[in-house]
1. Answer yes or no as to whether LEU180 is over 24 Å from VAL75 (Cα atoms), within 15 Å of the chain's Cα centre (by Cα) and buried (at least 16 other Cβ atoms within 10 Å of the Cβ).
2. Is there a residue being assigned to a loop (DSSP other than H, G, I, E, B) and touching a residue at least 40 places away in the same chain (Cβ under 8 Å) anywhere in the stretch 101-108?
3. From the list THR59, THR64, THR7, THR72, which residue is over 30 Å from the mean Cα position of the chain (by Cα) and modelled with pLDDT of 80 or more?
4. Of all residues in the stretch 171-218, how many are touching a Pro at 6+ places or on another chain (Cβ under 8 Å) and without any contact (Cβ under 8 Å) to a residue 12 or more places away in the chain?
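The values are calculated or read from the model by the stated rules, or taken from the named source; none is laboratory data. Computed from a prediction, not measured in an experiment: that's the story for all the values here. Methodologically, a virtual Cβ is constructed for each residue, glycine included, from the backbone with ideal geometry; neighbour enumeration extends over all protein chains shown.
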Amino acid sequence: MLPHKKTCILLAFISLISLYSFYSCKKNDLTHNPVVTDPLAALNLPEISFNYAHPLLPTYLRSTNINDQDNTPAVNPVTDAGATLGRVLFYDKTLSINNTVACASCHKQALSFADDKAFSVGFAGELTARNAMTLVNTRYYPNGKFLWDERGTSLETQTLLPIEDHVEMGMTLDTLLNRLKTKPYYPELFSKAFGTQTITSEKIGNALAQFIRSMFPFNPNLMKAGR
């Protein structure tokens, strides 16, 4: 074999070894540094959060002493991230024991977040004791007590009562916490809302309350899909 042919074969062999080493390294890099996907990608959320915290009230409300009727507690002010988390929870059927109903199943967006049935339908098809009333303008109910018999002493505590009700959603809070922890997007949402990925029932109640306090009849954001 001619010398220059031997040289060409040797160079080709060295090139193949180099290419193999390069792709082996790339494969190892991918193995040790897997691509991280956005955990929120599964949700139908806008890139920029809606303005829940500081909505522009219409003139007829701004001209009154509406703030005197605001039942928002100082420890749970409405934030964009908190209300966004509340919105996802509000439309999530995971909150019921058999994954069949969400808060939105009875508080229907198309009906001003009320129910058109005299008695709402629970997770197992049973009828509740009362109609699900509207949630619109809940923020400006100065009494600050909720449900027909006002046993919900605040909106933060009231939001958890239907979840635990044996007819409405049939869930226990411990079971709910364990379920939410398995969803990849909830730790991220809780972190954005409360600064930590720790999921607690108190934070669930606070987030739902924040979203509900953003329900105004003039708020165009509520006309868009929740999830």
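1. Answer is no for this residue.
2. Among the residues of the stretch 101-108, at least one is assigned to a loop (DSSP other than H, G, I, E, B) and touching a residue at least 40 places away in the same chain (Cβ under 8 Å), which makes the answer yes.
3. THR59 is the lone residue from the list that is over 30 Å from the mean Cα position of the chain (by Cα) and modelled with pLDDT of 80 or more.
4. Here the count works out to 1.
Matching residues to (1) surrounded by fewer than 15 Cβ atoms within 10 Å (Cβ to Cβ); (2) not hydrophobic (A, V, I, L, M, F, W, C):
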| site | (1), (2) |
| --- | --- |
| VAL121 | no, no |
| GLU126 | yes, yes |
| THR138 | no, yes |
| GLU150 | yes, yes |
| THR153 | yes, yes |
| MET169 | no, no |
| THR172 | yes, yes |
| LEU176 | no, no |
| THR200 | yes, yes |
